[in-house]
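Okay, structure first, notes after.
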Amino acid sequence: MSIDNQLLMQILEGALLASAKPLTVAQLGDLFDEEERPQNDVIVAALEDIEQSNAGRGFELKQVSSGYRFQVVQNVSPWVGRLWDEKPQKY
């Protein structure tokens, strides 16, 4: 069974959004049964398609040393960072 590129992109996006940590190409490949597993270069090409399709949005697909992850783009991080701003405790 072969997975078309659109479905592959959806699977990769879902996995990256659900994961608490970056995922490597090998880990993303492990999502598939052996007979349907895409080649690593096909996974990388799909990741590049995802990266391009999200250009200009508030988040981006980023390759870091430990794999791929979605992250907030730098120019909106001051606003998004307010979600985690800790208020001083009142005693």
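Scanning the stretch 38-57 for residues that are outside any helix (DSSP H, G or I) and surrounded by 15 or more Cβ atoms within 10 Å (Cβ to Cβ) yields PRO38, ASN54.
Residues in the stretch 59-82 that are open to solvent by 50 Å² or more (accessible area, probe 1.4 Å) and closer than 26 Å to LEU28 by Cα: PHE59, GLU60, LYS62, GLN63, SER65, SER66, ARG69, VAL72, GLN74. Only a single item in (1) assigned to a helix (DSSP H, G or I); (2) of a type in the set (D, E, K, R); (3) closer than 29 Å to VAL80 by Cβ is not met by LYS62, and it is number (1). Taken over the stretch 20-37, the criterion of being basic (Lys, Arg) and either surrounded by 14 or more Cβ atoms within 10 Å (Cβ to Cβ) or outside any loop (DSSP other than H, G, I, E, B) (or both) is satisfied by ARG37 alone. Return yes when LEU17 is under 17 Å from the mean Cα position of the chain (by Cα) and either charged (D, E, K, R) or open to solvent by 90 Å² or more (accessible area, probe 1.4 Å) (or both) and no when it is not. Yes. Only one of the numbered conditions (1) in a helix (DSSP H, G or I); (2) surrounded by 12 or more Cβ atoms within 10 Å (Cβ to Cβ); (3) not acidic (Asp, Glu) is not met by ILE3, and that is (1). Selection of first residues in the stretch 9-31 that are closer than 15 Å to GLN63 by Cα and of second residues that are open to solvent by less than 50 Å² (accessible area, probe 1.4 Å) and small (Gly, Ala, Ser), restricted to Cβ pairs under 7 Å at least 6 apart or on distinct chains, gives the following pairs, ordered by first then second residue: LEU12/ALA46; PRO22/GLY67; LEU23/ALA15; LEU23/GLY67; THR24/GLY67; GLN27/GLY67; LEU28/ALA15.
The values are calculated or read from the model by the stated rules, or taken from the named source; none is laboratory data. As the structure is a prediction and not an experimental result, all values here were calculated from the model. Every residue, glycine as well, gets a Cβ built from its backbone with ideal geometry; the counts of neighbours run over all protein chains shown. Ligands, DNA and RNA are stripped out before the accessible areas are found, and what is left, the full protein with its side chains, is counted by its heavy atoms. Shrake-Rupley method; radii C 1.70, N 1.55, O 1.52, S 1.80 Å.
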